[in-house]
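See structure below.
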Amino acid sequence: MDEPLKGDAMPGRLTAHEAASRVEALRREIEHNTYLYYALDAPEISDAAYDSLMRELRELEEAFPELASSDSPTKRVGGYVEKQFSAVRHDRRMYSLDNAMDEAELEAWMDGIQKLYGSLPALCCELKIDGSSIALTYRDGLLVQAATRGDGTTGEDVTANVMEVADIPRALRREALEEVANPDVPLEVRGEIYMPKASFDALNLEAQAEGKKQFANPRNAAAGSLRQKDPKVTASRDLATFLYAISRNDAIRVKGQWELLAWLKRAGFHVNPDVALCQTREEVLAFCAASLEKRGSLPYEIDGVVVKVNDFALQDAAGFTSRAPKWAIAFKFPPEEKTTLLRDITVQVGRTGALTPVAELDPVLVAGSVVARATLHNEDEVHRKDVRVGDTVIVRKAGDVIPEVLGPVISLRPADALVWEAPKTCPSCGSPVIREEGEAQLRCVSIDCPAQALERLLHWVSRDAMDIDGMGEEIIGRLVEIGRMNDVADFYSLTVEELEQLHMGRTNKDGNAISLGRTTAAKLIDAIQASKDRDLARVICGLGIRHIGKNTAAELVETYPSMEALKDASEEALQAVHGIGQRAAASIWTFLRTPDNIDVIERLQDAGVTMVAAQRSGQDKPQTLSGLTFVLTGTLTNLRLSREEAADALKAYGAKVSSSVSKSTSFVAVGDNPGSKYDKAVKLGIPVLDEAQLKTIIDTGKPPVL
Ligand code: AMP
C-alpha cells in the first residue's frame, strides 16, 4: 500500500499530470477504506480523515474536469448504503453468446469451428446458469467492485449489494494469487449470480402472504435482489454464484478455460462441478443430452449448455462478432414440459366481448417461470384437447413463449373429472352469448357488459394508448362496480374529490373502509388531464376498435390526420391506406357510424381530448436516418427504453422501423434475450448493433459506421 494520504491538498498548485496521479491514488485509498469500513466493519482511518480525502478528490475532479469518471467514489451518493447505481465501465467488454437452438445448429457451429482451425479443438462444456451476469473486480486480492453486465461495455455498480452475498469471496486465497500474471493490475472475474429454486419458491410464498408482487422466475428474482437500493434487502435474499471467466485471458498464468476453472476454484470461487473437456463432437452432444436429463433435478435453473473452445490462444485467433465470441456457443434446451393439476376452466371476457376459456392451474415452474394460467383459446380447442377439470395436464413453454396446455394425461384422469361446457350466457353480464358463422370465439354482444367495459377502460389507459399512469385494474374495477364508469369518456368527468373518497372495498385493521386519499386522487387526475394532449393515433388505438392496433392506428392518421377526416373517409378509401386490410377498414368504418361510439367520441372531444395528429416529434430533427430500416429485438435493458420508445426515437430521425427482418433491413439492434430476429439477421448477413451502438444513434442521429 502507498504512503497513507493526508488529504485536503491544494488542487490549484498541481500540474495536470500530478493531479492525475493524485486522483488515482485518492480513489484507490478511498475505495480501500470504503471497503474496510462497509464490508469488514474495521475502518483504519477516522471518519473525518475519510471525508477529507473525499473532499480533496471532489475538488480535484472539479479543477480538472477531464479526470472526472462515472465510477469515481465521489459519484456515489452517501457512500455504499444510499447510493443509486452508478455506471461502471468494464475492463473489457462483457459479451453475450450466440445460440444454437437444436443439435443441428450445434453441429453446424462445430463444423465452422473445425473449418476455422483445421481440426476440432478441445471444447470445454459448461452448464448455462439462468441467472444474472456479474463482474467482480479484485484489487490486491480484495474485492473492490461488483457490476452487472449492463450493455456489455458499461454495467451498474452493485458493489454494496454484492458485499452482502456470503457466497462471494472478499479476498482471493493467497496460493491462487501467486498465479496472477501482474498483481498490480485489478482482476475482473465473471460469472453468474443466481437464486436457487427452493429459495425462489420461499421468496414468492412470502411475497404472496404479504400481498406483494411475486417474481416471475428465479432469474428475475436474482437480478431484482441484486439491484436493490438497500443492501440489507439483498442480504436477506439467498443468492449464490458460479464464476467461470476473467476479463483478460492472460491475467492468470493458465492456458485455457479448463485450467481457468480449476484456478477459480483454488482462488475460493464457486465453480459449477458439471463441466466436461470434450475432444469429440460425440462427447459434446452426450454432455448436452446428460445435462438436459439432469435439468429438473438440479437445485438451480439452467437454460442450456455453453460450449467454449478451450485453448485461450485459439480463442484469441477466432475473436468476436459485435455481440458474441466466435469461439463459444450456447446450446439452448428445447421447450420444457411439466405436468400439473387443472383446477378449473374459467371464462375471460375481452374488451371486444370475446369469451376465452382459461386453464386455472396449480402453479408450476416451467422453463424458468411460474405458470398458473394458460389460455385454452376457444370452445373447440378445449374439446379437441379433451381437457377436463380435475385432469393432470401437460404444460409446455419455450423460453419467453406463452405457456400452452398440450393435453391431459389420460391415465391419471380421476373418475369425477368434469367435461367443460361453454357458457350460454356471459359470465360477466348474463346476456346470451353468440357464435358467429366461421368464428371459433363465443362473443357477448351486450354494450352494457361490465367485463368488456373494464377491459376497454384498461386498454384506454395502457401504455400503447393514452398511457395514464396509476390508473390500474383495482381502481377502474371499483369505478365500474359502483356504476361510475362505463366508457372511456367517463375518465374525463372524474374529480379529485370523488376519487379521494373512493372506497377500495377493503378495510384497515380498525375496520374502517380504505379510500384512495387526496394525494393519489390528485395524481390520478393530473395523469388523466395530461392524457388529453396525446396524439390522435393513441386515441384511435385506445378506442379498442377490432382489428385496429397501435400500428394500424398510426398508419391511419398518416393519411387522415384528424378525427373529422377519418369520419369522412369511405370504406374503400380506408382500404387504400397502407397496412389497412379489408377487415380493418370495415371495422373502423362501422365503428365510426355506430351511435354509441359517436357519442363517446363527441364527449371525449368536448372534454378536450386531442382529435388531431400531433406534429410528428421527428419533424424538428434532421432526417439523418431516412432511407434506413431498423429492426429491434430483445429487451433494451441498458437503454431503459421500451422497444416502442427506441423505435420512436429512430423514427424521429426519419428511419423506418420494421417488425421483421428481411433483405431490405439495414440494421438489427439487439438487446437482452433477443429472439429469432437476431438469428435471421445473422443468416441474412444484416449488420447487428448492440445497445451501446443503438444509444449512440439515438443520441446523435448519426447512422452507424461499421
Ligand atoms: P444471453 O443471455 O443469451 O446473452 O447468454 C449469455 C449469458 O449467459 C452470459 O452473459 C452469461 O451471463 C450467461 N451464462 C450462464 N452460464 C454461463 C457459462 N457457463 N458460460 C458463459 N456464460 C454463461
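The values are calculated or read from the model by the stated rules, or taken from the named source; none is laboratory data. Keep in mind it's a predicted model, so treat the numbers as computed, not measured. All Cβ positions, glycine included, derive from the backbone under ideal geometry; neighbour counts span all protein chains shown. For the accessible areas, the whole protein counts, side chains as well, though only heavy atoms, and no ligand, DNA or RNA atoms are used. Shrake-Rupley method; radii C 1.70, N 1.55, O 1.52, S 1.80 Å.
The fraction of accessible area contributed by carbon and sulfur in the range 629-700 is 50 percent, rounded to a whole number (1.4 Å probe; ligands and nucleic acids excluded). Taking 0.692 mPa s as the viscosity and 37 °C as the temperature, the Stokes-Einstein diffusion coefficient of the range 629-700 based on its alpha-carbon Kirkwood radius rounds to 278 µm²/s. Between residue 530 and residue 210, the C-beta separation translates, for a Förster distance of 45 Å, into a calculated FRET efficiency of about 0.90.
Remark: for residue pairs 265/326; 523/656; 532/651; 265/338; 385/424, the C-alpha separation exceeds 31 Å in 523/656; 265/338. Cα extents for the range 381-534 along the principal axes, largest to smallest and rounded to whole angstrom: 58, 45, 36. On full extension, the segment bounded by residue 573 and residue 512 gains 16.2 nm, given 0.36 nm per residue less the C-alpha separation. Per residue, the solvent-accessible area of the range 150-205 (1.4 Å probe, heavy atoms of protein chains only, all protein chains present) comes to 39 Å².
Seen against the Cα atoms of the chain and their longest principal axis, helix 518-530 is set at about 80 degrees. The label-point distance for residue 114 and residue 626, in a model that sets each label 7 Å from Cα toward Cβ, rounds to 5.2 nm. For the range 238-282, trypsin sites (Lys or Arg not before Pro) are listed when DSSP marks them as loop and at most 16 other Cβ atoms sit within 10 Å of their Cβ; the list is 248, 253, 255.
The residues of the range 536-606 present an accessible area of 48 Å² per residue when probed at 1.4 Å with all protein chains retained. Between amide H atoms placed 1.01 Å from N, distances below 5 Å from residue 433 occur with 425, 426, all of them 5 or more places distant or on a separate chain. For residue 558 and residue 25, the difference between the fully extended length at 0.36 nm per residue and the C-alpha to C-alpha distance is 186.0 nm.
Backbone N atoms of the range 562-582 closer than 15 Å to the 7 Å Cα→Cβ label point of residue 612 belong to residues 562-566. Here's the list of lysines a cross-link from residue 509 could span, going by alpha-carbon distance under 19 Å and ignoring same-chain residues fewer than 8 apart: 212.
Per-residue extension of 0.36 nm, minus the Cα-Cα distance of residue 277 and residue 197, leaves a gain of 26.1 nm for this segment. For residue 406, the amide hydrogen comes within under 5 Å of the amide hydrogens of 394, 395, 396, counting only partners 5 or more places away or on other chains and with H modelled in the peptide plane. Our coupling estimate for the range 112-119, obtained by passing each phi through the Karplus curve with A = 6.51, B = -1.76, C = 1.60 and θ = phi - 60°, is x, 5, 4, 5, 4, 9, x, 8 Hz, Gly and Pro reported as x. Taking only the Cα atoms of the chain, the radius of gyration and Dmax are 29.4, 90 Å. Applying both filters, DSSP loop and at most 16 other Cβ atoms within 10 Å, to the GluC sites (Glu not before Pro) of the range 113-186 gives 178, 179.
Taking a straight line from the alpha carbon of residue 397, these aspartates and glutamates sit under 14 Å away, with near neighbours fewer than eight places off in the same chain left out: 303, 336, 337.
Calculated mean residue ellipticity, 222 nm, the chain: -10500 deg cm²/dmol, from DSSP H runs (n ≥ 4) at -39500 (n - 2.57) each, averaged per residue and rounded to 500. Rounded to whole numbers, the Karplus 3J(HN,Hα) couplings from phi for the range 295-312 are 2, x, 8, 6, x, 9, 7, 10, 10, x, 10, 9, 10, 10, 4, 6, 6, 5 Hz, using 6.51 cos²θ - 1.76 cosθ + 1.60 with θ = phi - 60°, and x at Gly and Pro.
A 1.4 Å probe run over the protein chains yields, for the range 337-444, 50 Å² of accessible area per residue, whole-number rounding.
Amide H contacts of residue 549: none lie under 5 Å away among residues 5 or more positions distant or on a separate chain (H built 1.01 Å from N in the peptide plane; Pro and chain starts excluded). Computed in the context of the full set of protein chains, the accessible area of the range 450-531 at 1.4 Å probe radius has 46% of its extent on carbon or sulfur. Using alpha carbon centroids, what distance separates the range 655-706 and the range 236-287, in Å? Spelled out, the Cα-based centre of one part sits 32 Å from the other. Measuring nothing but protein heavy atoms, the accessible surface of the range 337-444 at 1.4 Å probe radius is 52 percent carbon and sulfur.
Each residue of the range 540-551 was assigned a 3J(HN,Hα) from its phi angle through the Karplus expression (A = 6.51, B = -1.76, C = 1.60, θ = phi - 60°), giving 5, 4, x, 5, x, 6, 4, 6, 10, x, 4, 6 Hz with x at Gly and Pro.
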